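First comes the structure, then the notes that go with it.
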Amino acid sequence: MKNILSQANRDVLEELTCSRLLLAFDYDGTLAPIVTDPERALLRRETRELLATLTKIYQVIVISGRAQADALEKLRGLGVREVVGNHGIEPRHATDHHIAEVRRWRPVLDECVAPFKGVTIEDKTFSVAIHYRQSREKKKARAAILRAAAALSDARVVGGKQVVNILPEGAPHKGVALERERNRLDCDTALYVGDDETDEDVFALDQPGRLLTIRVGAKRSSAATYYIPNQRAIDDLLRTLIEVRRRSALGRVPPPALGEVLGFMSLMWGVDHALQKTSKRMETALGVTGPQRLVIRIVGRFPGLPAGELAKLLHVHPSTLTGILKRLERQSLLRRRADPRDGRRSLLSLTDRGRVFDVETEGTVEAAIQQALERTPQEKLRAAREVLTSIAQVLGNSGSSESGCRDDESARTQSGSRHARRPAGVSRPGKPPSGRGR
Ligand SMILES: [Mg+2]
């Protein structure tokens, strides 16, 4: 193990802090000193102040063995992005099954500790910690606890500093929680600091370049790569992390940590901007905008499609669609005819000229989407589809009236049409696309 605070390892931190970095800390023995009464394990004032500064310039989370509510209380007001409790189980993997397991274990454990004065069971609903720090018979108490724990079914026993942790077998551990939060908070790298046995689940991930692991106190058997000499040195580490990022901000500027909601919105605006830009480029190169081409592609696939059905497929109000259809008709790309069974409905089909455009074409929105989809695994596509559907549903339910949406859409479509207007007789779209077949 190497001392992360030594001058020789400063470069390691500097390199890491220039990435989209997640800082993750254990609580007891790492951010807070270990004390006899776990309830009194609080951050020193200096640590609090440093942590409050750190959360303004990094994404910071805490992954603790404590119950989440307990750890949250102790970290209130410091700007920590997430507090994961119960060694990785809370909040996202807490289940009734885990509660039932812990309840089932309690009578056995209560009986086991009864003869030992000073041994306490901390029932954290989803796991149990048995503390023997205050016992005068530490060795005997520990042996008895381990014997009782070993007899429990579906239990994972993890030792600690004068504590035995008993967790439901197969429940997510701190390593699982760290990876989940790194993904969720859209970070590429992570730095984790911990001091005890359950932190080894993170240290054991062994992801050079993506994860830097630091143990509080050097220990030969630990899987952590680096160490800080003792708990007090956490302040030096926090101070160093603040310094290196502030300095790097003068040179290489790391991307700002927007947070989950703003970061997602920024992405969506990015997509919207790219769609508008590509649509304009398509209009210049091909003579049709992105929305117009989408209509051509859908009608080409379903000749005779009613206009109302097309509006549903495009998630727009029928009046919004009218502008697009009129423009395509003017360009002799689309034909509308009355439905013989219901004169109020109009059925859509492509003209011969329109069919020329109904082929895969470079430089279109759909070509870009196809390219992006092809390099994305199916499971991620499924997840993206779910998120986009959910956003659309929530936005749709958030009070904006349909007519309000229609006005916005109509205005945009009409403005697009204005840009696209050409003198009558000009036979744009003039450049039939170079087709690659359907
Ligand atoms: Mg700890």
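General remarks:
- Taking every DSSP bridge with both residues inside the chain, close to 50 percent are antiparallel.
- Taken about its Cα centre, the chain carries a charge dipole of roughly 1720 debye when the Cβ of each Lys and Arg holds +1 and the Cβ of each Asp and Glu holds -1.
- Long-range amide H partners of Glu90 with built H, under 5 Å: Gly85
- Computed 3J(HN,Hα) for segment 348-355, one whole-Hz value per residue from the Karplus formula 6.51 cos²θ - 1.76 cosθ + 1.60 where θ = phi - 60°, is 10, 8, 8, 7, 4, 5, x, 5, glycine and proline marked x.
- Tail beyond 17 Å, pair distance distribution of segment 96-168 (Cα, percent): 33
- The calculated pair-distance distribution of segment 260-420 uses every alpha carbon pair, bins of 5 angstrom beginning at 0, and gives 2, 8, 14, 19, 21, 17, 12, 6, 2, 0, 0 percent.
- Sequentially through segment 285-300, phi angles give Karplus couplings (6.51, -1.76, 1.60; θ = phi - 60°) of 7, 10, x, 10, 7, x, x, 4, 5, 4, 4, 4, 5, 6, 5, x Hz, Gly and Pro residues having no value and appearing as x.
- Kirkwood analysis of the Cα pair distances in segment 311-369 returns a hydrodynamic radius of 13.1 Å.
- Unit Cα scatterers, Debye sum, the chain: log10 I(q)/I(0) for q = 0.08, 0.13 Å⁻¹: -0.66, -1.07
- Across the chain, the mean sequence separation of Cα contacts (distance under 8 Å, 6 or more residues apart), normalised by length, yields a relative contact order of 15 percent.
- As a proxy for reagent exposure, Glu260, Glu101 were ordered by neighbouring Cβ count within 10 angstrom, fewest first; the result is Glu260, Glu101.
- Gain upon complete extension [Leu388, Asp272; 0.36 nm per residue less C-alpha separation]: 40.4 nm
Readers should treat all values here as calculations from the given coordinates under stated rules, not as data from a laboratory. Computed from a predicted model, the values in this text were never measured in an experiment. Glycine gets a Cβ as well: all are built from the backbone with ideal geometry, and neighbour counts include every protein chain shown.
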